[in-house]
Amino acid sequence: MDQLLAKIEQYKLEIQASSVGSKEELENFRIKYLGTKGLLKSVMGEMKDVPNEQKKAAGQLLNEFKLFVEAFYQQLSDSFEVSDNQSANYIDSSLPGQSLPLGSRHPISIVQNKMIGIFQRLGFSIAEGPEIEDDWHNFSALNLPENHPARDMQDTFYISQHPDWLLRTHTSNAQIRAMEKGELPLRIICPGRVYRNETISARAHCFFNQVEGLYIAENVSFADLKQTLYFFVKEMFGADVEVRFRPSYFPFTEPSAEMDISCLICSGKGCSVCKRTGWVEILGCGMVHPKVLENCGIDSNKYTGFAFGMGVERITMLTYQVKDLRLFSENDVRFLKQFT
Ligand code: DAH
């Protein structure tokens with residue numbers, strides 16, 4: 001009995017000296033002293049060696065010891081809860097914040113905005129038109145009357161419920177709408193989405209974006225057109241890029257031309273992008289056909305004008321050396337996040 005008493009006193013000292021620093025250590029404490037194979041159980045087991053006449057006093061002693069161990073465990077676990085809570089509420093203001101993922105602009109938007117900015121500096125303002133258009137504004141007013149063979153240059157999506165309606169094939173419809181307002185002189189660019197019934201490939205899509213331009217005033221000449229486009233190309237692609245004009249045909253301009261720039265990929269040496277010619281076509285242009293002016297109520301004896309139109313996808317592909325324009329409409333973030 002005295003021996004048991006001495007042992008218990010010893011254990012009490014040991015327990016009182018324990019401290020725990022984590023939930024894991026708290027659990028280890030519980031297992032060591034209160035577990036099924038723990039110290040308390042083994043001390044209780046010693047009851048059987050105590051002589052009968054002392055059993056009552058020993059039982060009391062052990063009971064007190066049990067309460068002591070349980071209370072101590074409770075105290076440890078309570079103090080632990082508090083410090084746990086404190087750490088949960090604790091804010092370390094010296095830690096760096098979590099950065100939120102930021103989106104980036106679509107490459108088509110980046111390039112289109114740059115194009116718009118260049119023309120705005122030359123005094124052009126933005127004019128927009130509807131994507132669902134009537135035949136007059138997309139074709140007839142542009143000197144493309146019904147059954148004109150040049151309508152086949154642009155494969156058109158028609159709206160089946162309304163034979164006169166279609167998805168615009170170019171943003172020239174916005175030029176017609178601006179001219180019809182009759183406010184002259186007129187200096188506008190028309191950015192926007194257009195649609196054509198083309199087989200989708202690396203180089204063509206059934207929808208794409210254009211920026212068209214129109215300048216109408218007295219005495220506008222082809223020299224003005226060339227100077228405007230030279231300025232645009234140098235601003236867009238840099239001073240070293242070379243430019244050439246080739247005669248072409250559009251029903252709404254006369255004379256008409258297409259403009260090429262020296263290939264940005266191979267600097268004119270010849271590669272697959274320029275089909276080994278060293279030149280890449282970037283736009284169509286010309287002097288506005290007198291018939292188009294008359295169609296919009298403008299006196300073609302008094303006013304002349306130039307117009308041009310280009311595809312934003314083509315310019316973007318050249319700017320960033322993207323080889324497949326389908327990437328622009330697939331919304332793959334791995335592709336899109338590369339552009340800033
Ligand atoms: N509308 C033509 C196209 O989509 C491009 C174009 C050529 C626009 C000459 C013009 C222009 O305004 O004058 O292919």
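Details
- Sequence-distant contacts, meaning Cα pairs under 8 Å at least 6 residues apart, place the relative contact order of the chain at 15 percent.
- Beta bridge orientation in the stretch 107-339: antiparallel %, DSSP, nearest 5: 95 percent
- The residues of the stretch 2-89 present an accessible area of 69 Å² per residue when probed at 1.4 Å with all protein chains retained.
- Among the GluC sites (Glu not before Pro) in the stretch 176-212, those located in a DSSP loop and surrounded by at most 15 other Cβ atoms within 10 Å of their own Cβ are 183, 198.
- Rounded to the nearest whole Hz, the Karplus-based 3J(HN,Hα) values (6.51 cos²θ - 1.76 cosθ + 1.60, θ = phi - 60°) of the stretch 190-205 follow the sequence 10, x, x, 8, 10, 10, 9, 7, 10, 5, 6, 8, 5, 10, 9, 9, with x at glycine and proline.
- Cα centroid separation - the stretch 267-340 against the stretch 227-259, whole Å: 10 Å
- Between the Cα long axis of helix 55-89 and the first principal axis of the chain there is an angle of about 20°, rounded to the nearest 10.
- Calculated [222 nm] ellipticity per residue, helices only, for the chain: -12000 deg cm²/dmol; basis is -39500 (n - 2.57) per DSSP H run with n ≥ 4, divided by all residues, nearest 500.
- The distance separating the Cα centre of the stretch 21-44 from that of the stretch 107-136 comes to 77 Å.
- Potential lengthening of the chain between residue 131 and residue 276 amounts to 48.6 nm, from the contour at 0.36 nm per residue minus the alpha-carbon distance.
- By the Cβ distance rule (another cysteine Cβ under 4.7 Å), the unpaired cysteines of the chain are 190, 206, 285, 296.
- Heavy-atom accessible surface of the stretch 232-340, averaged per residue, reaches 50 Å², computed with a 1.4 Å probe.
- Summed residue charge, Cβ within 14 Å of residue 280's Cβ, Lys/Arg positive, Asp/Glu negative: +3
- With Cα atoms, 0 to 90° folded angle of helix 23-34 axis to the chain main axis: 20 degrees
- Backbone amide hydrogens, once placed in the peptide plane, bring residue 155 within less than 5 Å of 197, excluding anything fewer than 5 places away on its chain.
- Between residue 306 and 215, 288, the built amide H atoms are under 5 Å apart, and every one of these is 5 or more places off in sequence or on another chain.
- About the centre of its Cα atoms, the stretch 1-94 shows a dipole size close to 460 debye [charges on the beta carbon of Lys, Arg (+1) and Asp, Glu (-1) only; nearest 20 debye].
- Farthest toward the positive end of the dipole of the chain, out of 17, 154, 118, is the Cα of 17, where the dipole comes from beta carbon charges about the Cα centre.
- For residue 144, the shell of other residues with beta-carbons less than 11 Å away shows a net charge of -1, using +1 for Lys and Arg and -1 for Asp and Glu.
- Computed about its Cα centre, the charge dipole of the chain is approximately 820 debye, with only Lys, Arg, Asp and Glu carrying charge at their Cβ.
- A simple rule links phi to the HN-Hα coupling: the Karplus curve 6.51 cos²θ - 1.76 cosθ + 1.60 with θ = phi - 60°, which for the stretch 150-155 gives 5, 4, 6, 4, 10, 6 Hz, with x for Gly and Pro.
- Remark on residue 170: its backbone amide H falls under 5 Å from those of 195, a criterion applied only to residues 5 or more positions apart or on other chains, H modelled at 1.01 Å from N.
- Modelled spin labels at residue 248 and residue 219, positioned 7 Å past Cα toward Cβ, are 2.9 nm from each other.
- Residue by residue, the stretch 256-264 carries 3J(HN,Hα) couplings of 10, 8, 10, 10, 10, 10, 5, 4, 6 Hz when phi is fed to the Karplus relation 6.51 cos²θ - 1.76 cosθ + 1.60 (θ = phi - 60°); x denotes Gly or Pro.
The values are calculated or read from the model by the stated rules, or taken from the named source; none is laboratory data. Please read all numbers here as calculations on a predicted model, not as lab measurements. Note that we place each Cβ from the backbone using ideal geometry, even for glycine, and neighbour counts take in every protein chain shown. Ligands, DNA and RNA are stripped out before the accessible areas are found, and what is left, the full protein with its side chains, is counted by its heavy atoms. Shrake-Rupley method; radii C 1.70, N 1.55, O 1.52, S 1.80 Å.
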